[in-house]
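Asker: First the structure, which I've put down as structure tokens, then a few questions once you've had a look.
Here, each number is a calculation from the coordinates, and none is a lab measurement. Since this is a predicted model, take the numbers as computed values, not measurements. Positions of Cβ are backbone-derived with ideal geometry, glycine not excepted, and every protein chain shown enters the neighbour counts.
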């Protein structure tokens, strides 16, 4: 559904993405792995319209979206849970969730998605009236994912959802991602936790300093000697 | 001083304070979202006053229609100021937008001199607003009841929009984190335009009531109230709407009371506000209700 061809992005003089091409097929989980500064987040930010491409194309269902404003990209069905969660600390949990639904005007659908998010993350329901800033790191991550789901995306982008979480929570995060995918959402996942990401990914791309150096199914990359050495600790 | 006198001063103070508060809200909302002191805000206040009296004298509109019309036209003036003078500078250093704001302020003053002329104009007030009512020993100008009451209604309306509606949620989100708001689909430029529109509407309402209270129009009439409302916003904690209201009320009451209790200092009434500003900036720069400057861990 999402197709990126020869994408280049410059960030204040730095050539952050140097010609990336990738495909995200409908209904799949696709992951981008790589070290810090490899261009994973920049790729997601370019898709979301927060950074402008220098050249190349980003097509959603055959329609070019790379020139659109971020709010129009959201309307076309792409939502992102950004790196660092970016919860609005002064808004309540419920307000944060409703912010995710900002572009929608279908109260019935919003109510259904809110019920679904509360089912996925019962903690958020318990804390609906608490300020976002009072949540623990794990709860904030749930909120970031739930908030993105409130936009009813066909493509959900997750940037480092396991970053900074206790190991026991990391497993929960990946279970939830699979549960979301089973509901028919396509997922584009950026992760430093390469092992966990590759295990649930249908397809994966390895990025190094702005280029894709390797791609394949999650399983292929899990067994690839180069990947094992560089990202999975041998 | 008798109790009756005190009540009269209190009403005068509340009236002046409400007018400051309405202007201060516009400063604080724009600052909250763009971190910009909109120095043209005092001129927006002035435009609101002129527009309504244009409507009444030139077009012979009924007061009610002229007031609504002037508020609407002034809101659009505020939105145009943003579009022309601030929007192109969104990604520029903050000082550029600030200089642009000062430029717009001068431009609008001179625009008013050209269009409305520099000669001060007298305002013909509806008689019932200035017909003194005597309650016991207290002499009450109906205006000093109407102004605080109307201001209260406007402020409640504003708080409703900010805290209970979707555009208000967008405003509160943008004020904290523009990029994340964009990622969530908030149309940032539309919300910013709405913020300018609402702030300008309140400034226009204040300007109109100011002209009823002090019935003279002139192109520079927005300068001193604008500065004082800015001080009120800083005093209350810039970025906080509640702070702007409290700051405005306290400043208005203080000004009237100082003049009432120390008539010999009446000539210095404008200086008090600026002394207050210096003291606040020295001892509590975030104001009464401002966000504490916390170090993020």
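Asker: How high is the relative contact order of the stretch B:172-297, given as a whole-number percent (alpha carbon pairs under 8 Å, six or more residues apart)?
Answerer: This gives 22 percent for the stretch B:172-297.
Asker: Still on this structure, I have one more. Post the alpha-carbon centroid distance, the stretch A:155-234 to the stretch B:1-60, in whole angstrom.
Answerer: 57
Asker: Over every pair of different alpha-carbon atoms in the stretch B:3-283, take the mean of 1/r and invert it; report that Kirkwood radius in Å.
Answerer: 19.2
Asker: If each residue of separation counts as 0.36 nm, what is the full-extension length gain between residue B:284 and residue B:111 once their alpha-carbon separation is subtracted?
Answerer: Gain on extension, residue B:284 to residue B:111, equals 58.5 nm.
Asker: Which percent of the Cα-Cα distances in the protein assembly as shown go past 40 Å?
Answerer: Across the protein assembly as shown, Cα pairs with separations above 40 Å total 37 percent.
Asker: Taking every DSSP beta bridge with both residues inside chain A, roughly what % is antiparallel (nearest 5)?
Answerer: The antiparallel fraction comes to roughly 50 percent.
Asker: Separation between the residue A:134 and residue B:150 pseudo-spin-labels, each 7 Å from Cα along Cα→Cβ, expressed in nm?
Answerer: In this crude label model, residue A:134 to residue B:150 measures out at 4.1 nm.
Asker: Taking only C-alpha pairs under 8 Å that are 6+ residues apart, what is the relative contact order of chain B in percent?
Answerer: 36
Asker: Any idea what angle helix B:166-176 forms with the longest principal axis of chain B, computed on alpha-carbon atoms, 0 to 90 degrees, nearest 10?
Answerer: Long axis of B:166-176 versus the principal axis of chain B: about 70 degrees.
Asker: Taking square-rooted eigenvalues a ≥ b ≥ c of the alpha carbon gyration tensor, is the stretch A:66-118 rounded, prolate or oblate, where a/c under 1.5 means rounded and, failing that, a/b exceeding b/c means prolate?
Answerer: oblate
Asker: Round to the nearest 10 and give me the degree value, 0 to 90, for the angle of helix B:94-116's Cα axis relative to the longest principal axis of chain B.
Answerer: Approximately 40 degrees, to the nearest 10.
Asker: Stretch residue B:57-residue B:166 to full length: gain in nm at 0.36 nm per residue minus the Cα-Cα span?
Answerer: Gain on extension, residue B:57 to residue B:166, equals 35.3 nm.
Asker: Moving to a separate point now. So for the stretch A:166-234, averaging the separation of alpha carbon pairs under 8 Å that are six or more residues apart and normalising by length, what relative contact order in percent results?
Answerer: 23 percent.
Asker: Helix A:107-120 versus the longest principal axis of chain A: what angle, 0 to 90°, nearest 10, using Cα atoms?
Answerer: 70
Asker: Show me the three semi-axes of the equivalent ellipsoid for the stretch B:99-198, from the C-alpha gyration tensor (sqrt of 5 times each eigenvalue), largest first, rounded to whole Å.
Answerer: Equivalent-ellipsoid dimensions as semi-axes: 38, 25, 9 Å.
Asker: Another one. Percent antiparallel among DSSP beta bridges with both residues in the protein assembly as shown, to the nearest 5?
Answerer: 60
Asker: Can you give me the distance in nm between label points at residue B:128 and residue A:52, each placed 7 Å from the Cα along the Cα-to-Cβ direction?
Answerer: With each label placed 7 Å out from Cα toward Cβ, I get 5.7 nm.
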